[in-house]
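Chemist: Submitted below is the structure of interest, expressed as structure tokens.
The values are calculated or read from the model by the stated rules, or taken from the named source; none is laboratory data. What you are looking at is a predicted structure, and each value in this text was computed from that prediction instead of being measured. Don't worry about glycine lacking a Cβ; one is built from the backbone with ideal geometry, like all the others, and counts go over all protein chains shown. Ligands, DNA and RNA are excluded from the accessible area calculation, which covers all protein heavy atoms including side chains. Shrake-Rupley method; radii C 1.70, N 1.55, O 1.52, S 1.80 Å.
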Amino acid sequence: VSTYGGSSAVGTAAVAARRDHKHGLAASTTGITKGLVYVVNDGTHVAASAQNITSTAKTTTGTYLITWATDFGSANYIMLTTVDAGDTRVANVRNMAAGTVNVNVYASDSASTLEDSNFMVAAWGAE
């Protein structure tokens with residue numbers, strides 16, 4: 001029994017610990033992060049930070065392919081990309097499919113110059 005204010009007088013409340021509830025949504029909903037990965041500029045990824053990733057690869061300078069372990073229900077899912085802190089390059093999502101996505105990394109001063117860089121990806125959507 002816990003008491004509010006440290007007194008056993010008015011305001012006493014019994015509080016039972018519970019672990020039978022869930023804070024997330026069902027696995028088929030879009031509210032839970034379904035993919036997460038830190039990709040190194042050579043195309044490899046940090047396995048300890050990966051979620052739902054089969055592989056990552058650098059296909060050419062500044063262009064990377066991410067393959068999901070469990071496909072999304074369609075190509076209509078949400079992706080967030082960002083480059084390492086202090087890096088001025090821009091990461092951009094291209095060619096989204098249910099099972100794969102391409103990420104291009106551009107120089108900060110050019111919308112056409114591809115450059116290698118470390119970046120992070122998070123994805124949300126129905127599977």
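Chemist: Among the residues of the stretch 91-127, how many are acidic (Asp, Glu) and out of contact with any strand residue (DSSP E or B) (no Cβ under 8 Å at 6 or more places or on another chain)?
Modeler: Looking only at that region, the number is 1.
Chemist: Now, a different point. Filter the stretch 45-90 for residues that are free of Cβ contacts under 8 Å to residues at least 24 places away in the same chain, out of contact with any strand residue (DSSP E or B) (no Cβ under 7 Å at 6 or more places or on another chain) and closer than 22 Å to Glu127 by Cβ and give the result.
Modeler: Hits for the stretch 45-90 are Ala47, Ala75.
Chemist: Right, another one. Where in the stretch 29-127 are there strands (runs of 3 or more DSSP E), lying fully within it, with 1 or more residues that are touching a Gly at 6+ places or on another chain (Cβ under 7 Å) and open to solvent by 70 Å² or more (accessible area, probe 1.4 Å)?
Modeler: Those strands (runs of 3 or more DSSP E) span 53-60, 78-83.
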